[in-house]
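K.L.:
I have a structure I would like to understand better, so I am pasting it below and will then ask my questions one at a time.
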């Protein structure tokens, strides 16, 4: 800690961080904000990603291990007043830790390598909470990569980062790629490309999911446009056994991704991360 | 339409509806609000549930079928100004239709009948958006009932009603029952009670889900307390194949419910609602 506490919400340092809540500034600085102990811990686990850490006095005590890890990594740590933290944080009850992070996404060709078996593509997903939840589910299901196409929400949006619960730092994320290009490269890498859409003639129960698969998920309200459905090898819907019209996007994605993970593992068993039963 | 448009947000009729955004008034009046064309349409499909309908002039044209259905059912229809609708609606962009509905929940013994095969129990779920999303997924997965135990959020909370996307009106919902009582009655009805929790020693892939099953889902942040885990026949976790710590509650619930639906159907095939492929 370089001595004094930041108490002025108009100080240049606070303003420089605060403006990262806006996409234009994120893109300019190639930086974004990650809030809360879980996200900050995961960000620090990646070399050179965290460039600054803001902490309240209280959080510095409660999360002494995280603050120490930041210092050990040579990250400048700024103690901030509660008011400054409230200004920087985008949550109603800030958790007192906030990191400025450099962009973590990678080019498509680095994310989708020859051995990729499960890839998630977000096409036209506009709600950042949904996008972050899909990213978290993809991570849980053991996906190799998540691709945010150019018509989808910014993965560095604060709500998306929070909803991902650290997963943004766990697996290769690609952003800004046109859907058509993503589909082409995924096919070239040997993946079968499935579009998840209520218009599908086949259901999740009727398709063989044991091979390498990329799933495309679409917009919350209107699904996937015709031109994307045509790009896919198959259009698959989650079967509706009751009277609901559809599933929420993030839950549908989780059901599809877990169906793939389960089929792939049944075909060629790999241990899950957790201890065996 | 009984003539004039409601333009005064302080009129008794508007105030009486508006206070239903608060649980104490909902419980007193045994009524709640359902917003938007989808929810209103589903509510009208149930006899006697909608007791009043508020509509803007614009929505009355756009959703003429719904307004006509309400009138045909003898529901008083009030035309409201945009300002009044904004006062009543809990969304940022109100869709111009809002129904006052009588409570739709049923007693546990009516919801869980002898033939029940898939039941969802929400224990300590506090986030109304999550609860509504689970209700929607339960409906989609063909569940027979959803039980909101006494420590869970109010199913009539506006956010829960919205997230359920009409499912609140589709399947039997129970509210206010203690978890222990719900578990006892579910077991008596012949269901195996599974608690979904990261502490489970068995994973979703290792349990036989073909028989009648009730799933208990817990709190977003801390899962299920020890005393509930002990009540269950088994504690089951969704396997984590990647590096995520856990899944979001609503996505985990969808994965569990669909795993059950799929196993039950594989064991004794029943047609899904949708057309076969």
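K.L.:
Being within 20 Å of residue B:130 (Cβ to Cβ), touching a strand residue (DSSP E or B) at 6+ places or on another chain (Cβ under 7 Å) and crowded, with 24+ Cβ neighbours inside 10 Å, is that true of even one residue in the range B:202-210?
P.N.:
Checking the range B:202-210: not a single residue is within 20 Å of residue B:130 (Cβ to Cβ), touching a strand residue (DSSP E or B) at 6+ places or on another chain (Cβ under 7 Å) and crowded, with 24+ Cβ neighbours inside 10 Å.
K.L.:
Hey, another quick one. Give me the pairs, please: first residue somewhere in the range B:249-264 and within 7 Å of another protein chain (Cβ to nearest Cβ) and more than 24 Å from residue B:126 (Cβ to Cβ), second residue anywhere and modelled with pLDDT under 95 and in a helix (DSSP H, G or I), beta-carbon distance under 6 Å, and either six or more positions apart or on two chains.
P.N.:
none
K.L.:
Mind listing just one residue for me: the one in the range B:146-162 that is surrounded by fewer than 24 Cβ atoms within 10 Å (Cβ to Cβ) and closer than 24 Å to residue B:99 by Cα and, of those, nearest to the other protein chains (Cβ to nearest Cβ)?
P.N.:
B:162
K.L.:
Taking the range B:76-93 only, how many residues are over 16 Å from residue B:21 (Cβ atoms) and either crowded, with 21+ Cβ neighbours inside 10 Å or in contact (Cβ under 8 Å) with a residue 60 or more places away in the chain (or both)?
P.N.:
Going through the range B:76-93 one residue at a time, the tally reaches 6.
K.L.:
Have a look at A:172, A:178 and point out the one that is buried (at least 19 other Cβ atoms within 10 Å of the Cβ) and either at pLDDT 95 or above or not assigned by TED's automatic domain parsing to the domain that holds residue A:154 (or both).
P.N.:
Checking each option against the conditions leaves just A:172.
K.L.:
Kindly list the number of the only condition in (1) modelled with pLDDT of 95 or more; (2) under 15 Å from the mean Cα position of the chain (by Cα); (3) surrounded by 17 or more Cβ atoms within 10 Å (Cβ to Cβ); (4) not in a strand (DSSP E or B) that fails for residue B:41.
P.N.:
Only one criterion in (1) modelled with pLDDT of 95 or more; (2) under 15 Å from the mean Cα position of the chain (by Cα); (3) surrounded by 17 or more Cβ atoms within 10 Å (Cβ to Cβ); (4) not in a strand (DSSP E or B) is unmet by residue B:41, namely (2).
K.L.:
Turning to a different aspect of this structure: Any residue in the range B:14-24 that is closer than 20 Å to residue B:170 by Cα and either loosely packed, with under 14 Cβ neighbours inside 10 Å or more than 23 Å from the chain's Cα centre (by Cα) (or both)?
P.N.:
no
K.L.:
Further question on the same structure: What is the number of the single condition among (1) touching a helix residue (DSSP H, G or I) at 6+ places or on another chain (Cβ under 8 Å); (2) away from chain A (no Cβ under 14 Å) that residue B:196 does not meet?
P.N.:
Of (1) touching a helix residue (DSSP H, G or I) at 6+ places or on another chain (Cβ under 8 Å); (2) away from chain A (no Cβ under 14 Å), only one is false for residue B:196: (2).
K.L.:
Within the range B:131-144, can you find the residues that are within 11 Å of chain A (Cβ to nearest Cβ) and in contact with a helix residue (DSSP H, G or I) (Cβ under 7 Å, 6 or more places away or on another chain)?
P.N.:
Across the range B:131-144, the qualifying residues are B:132, B:133, B:134, B:135, B:136, B:137, B:138, B:139, B:141, B:142, B:143.
K.L.:
Next up: In the range A:228-244, what residues are in contact with a helix residue (DSSP H, G or I) (Cβ under 8 Å, 6 or more places away or on another chain), outside any strand (DSSP E or B) and more than 7 Å from chain B (Cβ to nearest Cβ)?
P.N.:
Result: A:228, A:231, A:232, A:233, A:238.
K.L.:
Could you check how many residues of the range A:213-227 are out of contact with any strand residue (DSSP E or B) (no Cβ under 6 Å at 6 or more places or on another chain) and either buried (at least 21 other Cβ atoms within 10 Å of the Cβ) or facing chain B (nearest Cβ under 8 Å) (or both)?
P.N.:
Total meeting the criteria: 2.
K.L.:
Find the residue count for the range A:182-193, including only residues that are buried (at least 22 other Cβ atoms within 10 Å of the Cβ) and in contact with a helix residue (DSSP H, G or I) (Cβ under 8 Å, 6 or more places away or on another chain).
P.N.:
Of the residues in that region, 2 qualify.
The values are calculated or read from the model by the stated rules, or taken from the named source; none is laboratory data. For clarity, every value in this text was computed on a predicted model and none was experimentally measured. Please note: Cβ atoms are built from the backbone with ideal geometry, for glycine as well, and neighbour counts cover all protein chains shown.
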